[in-house]
Every structure is written in C-alpha cells, then in structure tokens.
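Structure first, then comments.
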Amino acid sequence: MNWITKIIKAGEKIKTAFHKRATKEDIANSDWTSCCKGPILKKDLEENLWVCPEPGCNKHHRIKPHQRFDILFGKNNYEIFKTPIPSDDPLDWTDSKSYKDRLKSARKKTGLNCGMMVASGNINKIKVTAVASDFDFLGASMASAEGEAFLYGIEYACQNRTPFICVSAGGGMRMMESLISLSQMTRTTLAINELKSQNLPYIVLITDPTAGGITASYAMLGDIHIAEPGSLIAFAGKNVIKGTIKEELPENFQTSEYVEKTGFVDLIVQRKDLVEKIGTLLSILLKKNSAISSEENETTKDSPSISRAAS
C-alpha cells in the first residue's frame, strides 16, 4: 500500500466518524434531547416537568410512568404494585421477529414487565389509585398483561375505596395477541362500570398520543376527561380519514384543543397545574370540599323536600 492510498483511507475513516448517524439508543442515553430550537439538556427539561420552557412552544414531552407519579404524588412518595403477568406469547406469534423477542427488548428498554404501571399515592390528602402507560413499551399498546394491570388497579381501588386515575397513552390494541388483545377493551370497560357502581370517581388524563382501541374504550369512559396541551387524541389516523372522506381537515385536527371544542375533553391542563386541578376535582366529587359541603348543608336545611327527593 503506497502513501497516497493510506491518506485516502485515513480520510474516509475520519469522514465516516463525523457523519455517523446516532442511533435511537445513543440519543436515549445522551444528556440531550431536542425541541423547537434544537438541542436542550434533559436536566433543564426535567426541572420544568419535561415541558419546553421556550415561549410559544410549551411542548409537553412524553414521560415515563414513574415520572408521571413523581409529579402527581411527589417524588418517590407512592407505592408501586406488582401486577399479574399472563403467558408471554399465547399465539406463538412471529413476523419479522418473534413476539417473545419484542417483549424481551421492551422489558430491557423500559425496566417494566408490561406497558402499564399501577401505583397508589395521595393527592390533596386523598388516597388515589392510578395507572400510567409507557409509550416506549411497544408503543404502549394494550395486551393481556396490560389488561391484567388495569383490572388489578380497579380491584385495588374498589377494595380500598379510592378514586381511580388513568393516565392514557398508546396506539391501540397489540395485534400480536389478536382477539385476546381486543378483549381487553371489553374487560376494562366492565371494570370501570364496577368502579362507577360503587360511586368511586374515574378520572382520565389523556396524554400524547392516545389512539385506536385505547380511545375507543377506557380512555373515553371517565367521569371527567383532562388532556395535556397538544396531545394527539384519535381513533383512526388523520391520513386515513382524509383519504376516506376526500376532504381537507382542520390544521389542528385530532389535537386535544380540537377535541375539547368538539366535546370529548372537559379540560386542558398544563402539567404544572395537574395536581392542583385534580385535587380540586376529587374534593368536589368526594364532597370533601368545605365550601361545597357548607353550601350543601344550607340547601338541605332550607329545603328538606329536596333532600328527600334526592334520596
């Protein structure tokens, strides 16, 4: 090899090193992430509850279940439950890779056994049971293990007489489990009905993205629906709808702001205000708000007929 060839090869190596594209794993393990103006330190984003601090942006970045519970209940001030895990691969599914391998990768990536985490903590001195999904676990899709986690949370709420908060996210049902996955829509609906039959509040916090069978089941059955700003809330994809009806769609179609205007969401709440807002709503729903209790007592005293009629 002559000296010219050596120089050319050395130059190619340097060029390759500079132009090597970062993998998703490299980005996940980095101290940086990106938003409206480019790179931003993750620690700076975390200090602002993973919401972009730039004026005019206010993007609510996706966060993990434990980060969600840190915000709702206080850092590490909650109990995480170990939920049942059914058979990993009931249909022995394989496409470009086996379902078991996909589950193994998702567990390694997230540290979770399934795409849902159930916890119990306090909001405004009210004990609450909550479930939150991790989008990094196969897109937070719903399968038998996630259904078991949801039902475990509802059962715990019923036994301990607590409200139930569902932090929804995900692209729908996990079709590697076919009808077993689809049956979770029915199972979660029946569980929610049981919760409501016991007069326990069911509040849904809709986060980005919530779509498919998740929107078509437990995410839209709340007593109150709260959404974070800019969240995607949909059943079918925007392009599918556009291609079907052959019409242009509004620019903000399927965002939480649009869905609020059409009546499917009650409130859009900034992440920093969630604890205060949910605490107030729970106090009202459970009649633990002193102002409401006083007003109710005055009404009952002045109008005994109303009290008898209500009962």
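The values are calculated or read from the model by the stated rules, or taken from the named source; none is laboratory data. Note that the coordinates shown come from a computational prediction; the quantities given were computed from them, not determined experimentally. All Cβ positions, glycine included, derive from the backbone under ideal geometry; neighbour counts span all protein chains shown.
Looking at this structure, is Gly171 on the phi > 0 side of the Ramachandran plot, of a type outside the set (Phe, Trp, Tyr) and either buried (at least 22 other Cβ atoms within 10 Å of the Cβ) or assigned by TED's automatic domain parsing to the domain that holds Leu103 (or both)?
No, not satisfied.
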Out of region 196-221, which residues are part of a loop (DSSP other than H, G, I, E, B) and touching a Pro at 6+ places or on another chain (Cβ under 9 Å)?
-> Leu200, Pro201
Would you point out which residue out of Gly230, Gly263, Gly213 is touching a residue at least 40 places away in the same chain (Cβ under 8 Å) and surrounded by fewer than 17 Cβ atoms within 10 Å (Cβ to Cβ)?
-> Gly230
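Results for (1) more than 20 Å from Leu205 (Cα to Cα); (2) surrounded by fewer than 21 Cβ atoms within 10 Å (Cβ to Cβ); (3) among the aromatic types (Phe, Trp, Tyr), shown as yes or no for each residue.
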residue: Phe150; (1), (2), (3): no, no, yes
residue: Ile154; (1), (2), (3): no, no, no
residue: Val167; (1), (2), (3): no, no, no
residue: Leu179; (1), (2), (3): yes, yes, no
residue: Thr189; (1), (2), (3): no, yes, no
Could you tell me whether Pro229 is assigned to a loop (DSSP other than H, G, I, E, B) and under 20 Å from the mean Cα position of the chain (by Cα)?
-> yes
Determine if region 49-70 includes at least one residue that is assigned by TED's automatic domain parsing to the domain that holds Met173, in a loop (DSSP other than H, G, I, E, B), surrounded by fewer than 14 Cβ atoms within 10 Å (Cβ to Cβ) and not hydrophobic (A, V, I, L, M, F, W, C).
-> no
